[in-house]
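Here's the structure, in structure tokens; my notes come after.
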């Protein structure tokens with residue numbers, strides 16, 4: 001089972017604005033909220049799987065899907081609320097070594113990725129582990145080159161990768177997170193921090209309709225890839 005006690009927390013607001021009621025909306029053959037629940041329930045290292053929401057209706061629906069319901073106060077579901085507030089509230093009510101946040105807006109995650117993430121948590125002693133996408137691409141920040149020389153062109157394979165936080169999976173050591181919060185220090189990136197790159201095709205975060213369309217396309221492509229052989233252009237007679 002591993003050396004740490006872990007519980008999975010799936011944050012899910014009912015009152016999302018950019019994609020209204022997105023956690024209830026069907027993506028493919030099931031509602032969005034069911035994706036992280038189905039994945040987390042396949043991880044034996046999780047002592048329990050909780051949906052963290054202000055909505056009792058959503059919480060009761062999650063229970064029927066196999067998860068447990070943690071009811072957060074309504075003020076922790078406001079537009080300006082961050083994972084700092086609702087995670088601390090959750091930790092105050094649940095004993096464990098690590099809280100593993102499985103984002104409800106990351107439906108493209110695979111069981112294999114979550115298993116590798118949990119194994120990574122168990123094999124180390126970090127306070128915070130963030131899922132990221134690692135890319136070898138010429139990158140800028142505020143107009144300045146981050147990982148390349150503007151006066152020198154090199155192949156992309158030679159670049160140092162940049163990592164973008166995607167929040168699909170996050171691990172927080174409960175003791176460290178709560179201690180920092182009680183000291184008035186933001187605990188979200190607290191303590192000894194490590195990144196964990198995940199596959200790019202699993203990193204879609206559903207914030208907009210455009211994101212939703214990307215996820216829909218990916219799910220349809222996955223369904224087809226299991227049945228259809230790749231097709232290629234025949235170059236015979238082209239020259």
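The numbers here are math on the coordinates, done by the rules we state, and not lab data. The model shown is predicted, which means the values in this text are computed figures rather than measured ones. Virtual Cβ from ideal backbone geometry, glycine too; neighbours counted across all protein chains shown.
Just want the ordering: 9, 91, 65, 158, from fewest to most Cβ atoms lying within 10 Å of their own Cβ. Numbers along the way, then the final one.
Details: 9 28, 91 20, 65 16, 158 8.
Fewest to most other Cβ atoms nearby, the residues stand as 158, 65, 91, 9.
I need the per residue convex hull volume for the range 167-239, using only the alpha carbons, in cubic angstrom as a whole number. The partial results should precede the final answer.
Working: hull volume 13.0 nm³, N = 73.
Spelled out: Cα convex hull of the range 167-239, divided by residues, is 178 Å³.
The long axis of helix 209-225 is offset from the longest Cα principal axis of the chain by roughly 70 degrees.
Based on the Stokes-Einstein relation at 37 °C and a viscosity of 0.692 mPa s, and on the Kirkwood radius from alpha carbon pairs, the range 24-115 is assigned a translational diffusion coefficient of 236 µm²/s. A Gaussian network model of the chain, with springs between Cα atoms under 10 Å, assigns the largest mean-square fluctuation among 188, 111, 154 to 154. Between residue 30 and residue 221, the simple label model (points 7 Å from Cα in the Cβ direction) yields a spacing of 2.2 nm. Between 128, 82, 195, the GNM of the chain built on Cα springs shorter than 10 angstrom shows 82 fluctuating the most.
Taking the chain as a Gaussian network of alpha-carbon nodes connected by springs under 10 Å, the highest mean-square fluctuation of the residues 229, 54, 163 belongs to 229.
Ordered by the number of other Cβ atoms lying within 10 Å of each residue's own Cβ, fewest first, 235, 24, 39 fall into the sequence 235, 24, 39. Three principal axis extents of the range 87-211 based on alpha-carbon atoms, in descending order, are 53, 33, 32 Å.
Axis angle, to the nearest 10 degrees, between helix 111-123 and the longest C-alpha principal axis of the chain: 60 degrees. The share of Cα pairs per 10 Å bin across the range 65-138, counted from zero up to the longest distance, runs 13, 40, 37, 9, 1 percent.
Provide 50, 212, 167 in ascending order of the number of other Cβ atoms located within 10 Å of each residue's Cβ, fewest first. Write out the running numbers ahead of the final one.
Working: 50 24, 212 20, 167 16.
With the sparsest Cβ surroundings first, the list reads 167, 212, 50.
Pairwise Cα separations in the chain fall into 10 Å bins from 0 onward with the following percentages, short to long: 7, 28, 33, 21, 8, 3, 1, 0.
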